[in-house]
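One structure below.
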Amino acid sequence: MSDIVIEKIIRPERTLSGTWLEVIASNLDYHRATFLWKCEGLTETQLRQRPIPSTDLTLLSLMRHLQGVERYWLQHRLADTTPQYPSYRTNPDTDWFDESDPTPAAAVYADYLSACADSRALFPPKDLTRLIPNPEFGNTDPHFILTHVIEEYARHVGHADLLRESLDGTTGE
């Protein structure tokens, strides 16, 4: 039995032209896969490791955070549903970056995949013109939320890139 948590990730081709929603959906899937690509081939210990002394970030804490992004922004705010948080996350408002969470990396990974699948199932949004109240930004529309989620992924894929290179020297685009 292998200690590797995420075996092989194939990143999808991005849609370069099409409707705005097709391009956004394609970019979301590309960034989701790129994040996992940064985690592929690592063990639980490596996913939990803090390779950069100036930060508490780990690849596993980023994965927990991104499942929170999926559930809060895409499922709760955009689709106006009540997300199904994992059983180990009894308070969804707690710090998703908290590495003291003992949940096995394989369970966090499975839950991340589930959160992404749930978000995909609710896509595309039914009404692109509605205003969505948000305590952080005020009233937003679906365009803002979708753009913000792309922004979240882009930021955290950059973090993952640095963490992975610091762990074992692996680099990628």
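The values are calculated or read from the model by the stated rules, or taken from the named source; none is laboratory data. Computed from a predicted model, the values in this text were never measured in an experiment. Counting neighbours? That spans all protein chains shown, and the Cβs are built from the backbone with ideal geometry, glycine included. Heads up: the accessible areas ignore ligands, DNA and RNA and are worked out on the full protein's heavy atoms, side chains in. Shrake-Rupley method; radii C 1.70, N 1.55, O 1.52, S 1.80 Å.
Tabulated data for the structure shown
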quantity	calculated
Shape metrics for segment 103-156, restricted to C-alpha atoms - Rg then Dmax, Å	13.8, 41
Net charge, ILE4 excluded, C-beta distance under 10 Å - Lys, Arg +1, Asp, Glu -1	-3
Residue-averaged [θ]222 nm for the chain, counting only DSSP H segments that reach four residues, each worth -39500 (n - 2.57)	-15500 deg cm²/dmol
Accessible carbon and sulfur surface of the chain relative to its total accessible area, %, 1.4 Å	54
FRET efficiency, 1/(1 + (r/R0)^6) with R0 41 Å, evaluated for ILE10 and THR129 via beta carbons	0.70
Most to least packed among 3-12, 102-111 [average Cβ atoms within 10 Å]	102-111, 3-12
Rounded Å value of the spacing that divides the Cα centres of segment 105-133 and segment 8-41	14
Computed over the chain: relative contact order in percent, which uses C-alpha pairs under 8 Å that are six or more apart	27
Overall dimensions of segment 134-173 by Cα: Rg and Dmax, Å	14.6, 43
Descending semi-axes in whole angstrom, ellipsoid equivalent of the chain, from the Cα gyration tensor	27, 19, 15
Solvent-accessible area per residue for segment 14-173 (1.4 angstrom probe, square angstrom)	49
Calculated P(r) of segment 8-77 - Cα pairs past 14 Å, %	68
Acute angle (nearest 10 degrees) that the helix 20-39 long axis makes with the longest principal axis of the chain, alpha-carbon atoms	10
Packing-based order for 64-71, 49-56, using average beta carbon neighbours within 10 Å, highest first	64-71, 49-56
